[in-house]
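Asker: I have a structure I would like to understand better, so I am pasting it below and will then ask my questions one at a time.
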Amino acid sequence: MPVASNRALTINEAAQRLGVHYMTVYRYVRLGMLPARKERSGWRIETADLERLDTSPTVPARKRSAPWHTRLQARMLAGDEAGSWRVVEAAIGSGLEPRDLYCDVLTPVLHAIGVLWQDGEIGVEDEHLASNVASAIIGRLGPRFASRGRAKGTVVLAMPAGERHDLGLAMLADVLRSDGYRVLNLGADTPASALTSAIRAVDDLSAVALSVVNGEGLATATSSIETIRHSIGAIPMLIGGAAIEDEESARRLGADGWAGDAREVGTMISAITASRGRKHLASYTDGAT
């Protein structure tokens, strides 16, 4: 249905007009490339500002012209791991950084495939083939995210109990490693008690980040955050994933912040560390509450 021109657009509506993933539009907003105002229901973008948006300084011509999404999605749905990897290599060869390939290509493709499955346009076998190919791509790209030098600290990643789609979490782990953090990735379906135990075992904690993909996982995410707060204290906690719309939603669940893009998480953690102090953060894992 056409969007009325006399009202501001949501992030999703702006993404539809631009023909890009909604997280790409969110990144434009966070980088200051696209003016937007924050309302209780989320970000709002004026149509005139969207029409003036110029992405050319940050998106080279070869990246704009190459249909990486279309090529990769077709190969992934076919279960063609070798063909998918050739698309990835071509995209990186064109100048696309691995972290940008994760966020601007692979994540949107996985989202699109998920929608196709939900709408009944593909079968569960197709979705599984694509997911396995994505897992192989992440495994092969992982070493490219290694960072030299002393780690800034450890970030504990997890998905709450009941959440099983952890490809996004694996990509976040790689991006955080490239930002200089040590990562302890507990993966999908992590009970609050196991997450709490893992946090206590870390002696250089920077933050905990949870990912929630399905709306059904919001209740368990809230429970996990409450358990950690009660057992350990006010440790820095971020939350993201497809089921978390914006920062306000994250704070309602008890988190300290929200990131709509994996590339922002490291910066957010650094800001929290600077404001609270490394010594104060370390005290959480010593049992302080």
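Asker: Report the net charge of residues surrounding residue 243, where surrounding means a beta-carbon distance below 11 angstrom and charges are Lys +1, Arg +1, Asp -1, Glu -1. Each step should come with its number before you reach the end.
Answerer: Working: positive: none; negative: 163, 216, 245.
Around residue 243, the surrounding residues sum to -3.
Asker: Between beta-carbons, use under 15 Å as the cut-off and find the net charge around residue 133, counting Lys and Arg +1, Asp and Glu -1.
Answerer: Values: positive: 71, 75, 86, 140; negative: 80, 81, 89, 125, 126, 127.
Computed value for this residue: -2.
Asker: Which order do the peptides 256-269, 111-124, 205-218 come out in when sorted by mean C-beta neighbours inside 10 angstrom, highest first?
Answerer: Values: 256-269: 21.0, 111-124: 13.3, 205-218: 22.6.
Top to bottom by mean Cβ count within 10 Å: 205-218, 256-269, 111-124.
Asker: What does the convex hull of the Cα atoms of the chain come to per residue, in Å³, rounded to a whole number?
Answerer: Working: hull volume 39.8 nm³, N = 289.
Taking only Cα atoms, the chain has a hull volume of 138 Å³ per residue.
Asker: Sticking with this structure for a sec: Count charges around residue 161 for me, please; just the other residues with Cβ under 14 Å from its Cβ, Lys/Arg as +1, Asp/Glu as -1. Intermediate results must be reported in sequence, preceding the final value.
Answerer: Working: positive: 164; negative: 163, 166, 189, 216, 226.
With Lys, Arg at +1 and Asp, Glu at -1, the net is -4.
Asker: Continuing with this model, one more query. If only Cα atoms are counted, what is the Rg of the stretch 146-286, and what is its Dmax, in Å?
Answerer: 13.5, 40
Asker: Determine the relative contact order of the chain: mean sequence separation of Cα pairs under 8 Å and six or more apart, normalised by residue count, in whole percent. Walk me through the numbers before you get to the answer.
Answerer: Numbers: 422 pairs, mean separation 40.5, N = 289.
Relative contact order for the chain comes out at 14 percent.
Read the figures in this text as sums done on the coordinates, not as results from a lab. Everything quoted here is computed from the prediction, not taken from an experiment. Note that each Cβ is placed from the backbone with ideal geometry, even for glycine, and that neighbours are counted across all protein chains shown.
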